[in-house]
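So the structure is just underneath, and the comments pick up after that.
Just so it is clear, none of the values below were taken in a lab; they were calculated from the coordinates. For clarity, every value in this text was computed on a predicted model and none was experimentally measured. Don't worry about glycine lacking a Cβ; one is built from the backbone with ideal geometry, like all the others, and counts go over all protein chains shown.
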Amino acid sequence: MNTSVKVLFIGGTGIISSACSRLALERGIDLHLLCRGRSIRPIPEGARVLSADIDDAAAVQEALGSLEFDAVVDWIAFRPSQIERDLELFRGRTSQYVFISSASAYAKPVVRVPITESTPLSNPFWQYSRDKIACEERLIRAHREEGFPVTIVRPSHTYDETLLPFDPYGGGYTVLDRILRGRPVVVHGDGTSLWVLTHHQDFARGFVGLLGHPAAIGEAFHITSDEALPWNEIFRAVGRAAGVPEPRLVHVPSDVIAREHPEWGAGLLGDKAHSVIFDNTKVKRLVPDFRPTIPFHRGAREIVAYHLRHPERCVVDPTVNELMDRLVARFDG
């Protein structure tokens with residue numbers, strides 16, 4: 001990869017993008033961040049900050065001026081209307097546009113593993129995933145019809161020290177609090193479905209290698225860990241990191257959870273209730289130094305240590321607590 005490339009991140013201080021920002025700068029990339037500066041994560045030293053809200057067209061135009069880029073990455077586009085906005089902004093301004101999609105877009109239920117980039121996209125359960133699919137389809141059409149230089153990247157469940165693996169339904173710390181207090185926690189299904197958790201530093205090594213890479217244009221890649229763990233073990237890894245080797249796990253059918261809590265259920269039925277294993281051959285072919293090295297048991301220690309250092313982040317959600325108590329009463333024993 002040419003390390004003299006000029007790159008724009010729309011965002012750049014999120015869970016995934018913060019590690020990519022740091023690594024890009026370490027590798028000599030001329031990194032610009034278009035952001036509002038509201039993240040809990042600091043702007044990395046060496047990044048050039050363009051202060052604007054991406055949804056404020058006039059402010060964005062003023063911030064960008066006549067700048068052109070070798071690559072633009074939109075970390076915060078979720079809907080086709082945002083893709084239309086980016087097409088207007090970056091036609092003729094960049095040699096590569098990277099869309100951050102989601103591995104949850106792969107067809108559910110999962111028919112076969114390992115999942116490859118050619119696995120069909122379809123998710124009848126989760127609107128988030130369907131919106132990502134629609135974004136991909138619009139960009140593929142732009143590439144086919146007008147040569148727009150798109151690269152699609154599909155992260156799966158990627159985390160940093162701030163994110164407990166239970167956060168998708170809004171009660172991440174609540175689960176850790178219950179574990180610490182010896183209270184039972186709800187695990188979907190029988191806890192044996194396999195799940196892939198990717199440390200953001202591992203993701204960054206694969207991702208940064210795609211920036212400015214001509215062979216990535218017109219292609220889609222997922223970037224994930226090669227470690228697949230049962231959900232029971234994910235809960236136990238967090239428990240061990242918190243000094244609770246055997247947390248009390250209560251198994252509840254995913255469809256019951258979905259009825260009781262539709263928001264939690266959409267992410268379960270559309271993603272986390274299914275066993276997933278990813279074949280990362282494609283990204284490894286283009287980025288030979290991509291080798292995930294951080295197992296989740298190490299990541300779990302980082303997560304628990306972070307929360308113990310930051311009591312202001314340790315907020316118990318009473319709604320999630322009440323729901324778990326209700327489900328435990330029905331299904332424990």
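Numbers for the structure displayed
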quantity: Reciprocal of mean inverse Cα separation for segment 1-128 (Kirkwood radius, Å); calculated: 16.1 Å
quantity: Angle in degrees between helix 17-26 and the longest Cα principal axis of the chain, rounded to the nearest 10; calculated: 50 degrees
quantity: Pair residue 281, residue 305: separation of 7 Å Cα→Cβ label points (nm); calculated: 3.7 nm
quantity: Residues 193, 95, sorted so that the one with the fewest Cβ neighbours within 10 Å comes first; calculated: 95, 193
quantity: FRET efficiency, residue 134 to residue 248 (Cβ-Cβ, R0 45 Å, nearest 0.05); calculated: 0.65
quantity: In degrees, nearest ten, helix 318-331 long axis to first principal axis of the chain (Cα); calculated: 50 degrees
quantity: Cα-only Debye scattering, segment 113-198: base-10 log of I(q)/I(0) at q = 0.10, 0.16, 0.17 Å⁻¹; calculated: -0.42, -0.88, -0.95
quantity: Extension gain (nm, one decimal) between residue 297 and residue 59, 0.36 nm per residue minus Cα-Cα; calculated: 81.3 nm
quantity: Segment 143-221 and segment 293-316: distance between their alpha carbon centers, rounded to Å; calculated: 16 Å
quantity: Proxy reagent accessibility, fewest Cβ within 10 Å first, across 314, 135; calculated: 314, 135
quantity: Selection from 81, 103, 280, by position along the positive dipole direction of the chain (Cβ); calculated: 280
quantity: Top of 59, 220, 204 by mean-square fluctuation, Gaussian network on the chain, Cα under 10 Å; calculated: 59
quantity: 192, 162 arranged by Cβ crowding within 10 Å, fewest neighbours leading; calculated: 192, 162
quantity: The chain: calculated mean residue ellipticity at 222 nm from DSSP helix runs of at least 4, using -39500 (n - 2.57); calculated: -11000 deg cm²/dmol
quantity: Convex hull of Cα atoms in segment 158-254, direction-averaged projection (nm²); calculated: 7.5 nm²
quantity: In degrees, nearest ten, helix 127-146 long axis to first principal axis of the chain (Cα); calculated: 20 degrees
quantity: Solution diffusion estimate, µm²/s, Stokes-Einstein, segment 220-333, Kirkwood Rh from C-alpha pairs, 4 °C, viscosity 1.567 mPa s; calculated: 77 µm²/s
quantity: Cα-based radius of gyration of segment 235-293 once divided by 2.2 N^0.38 Å, which approximates compact folds; calculated: 1.65
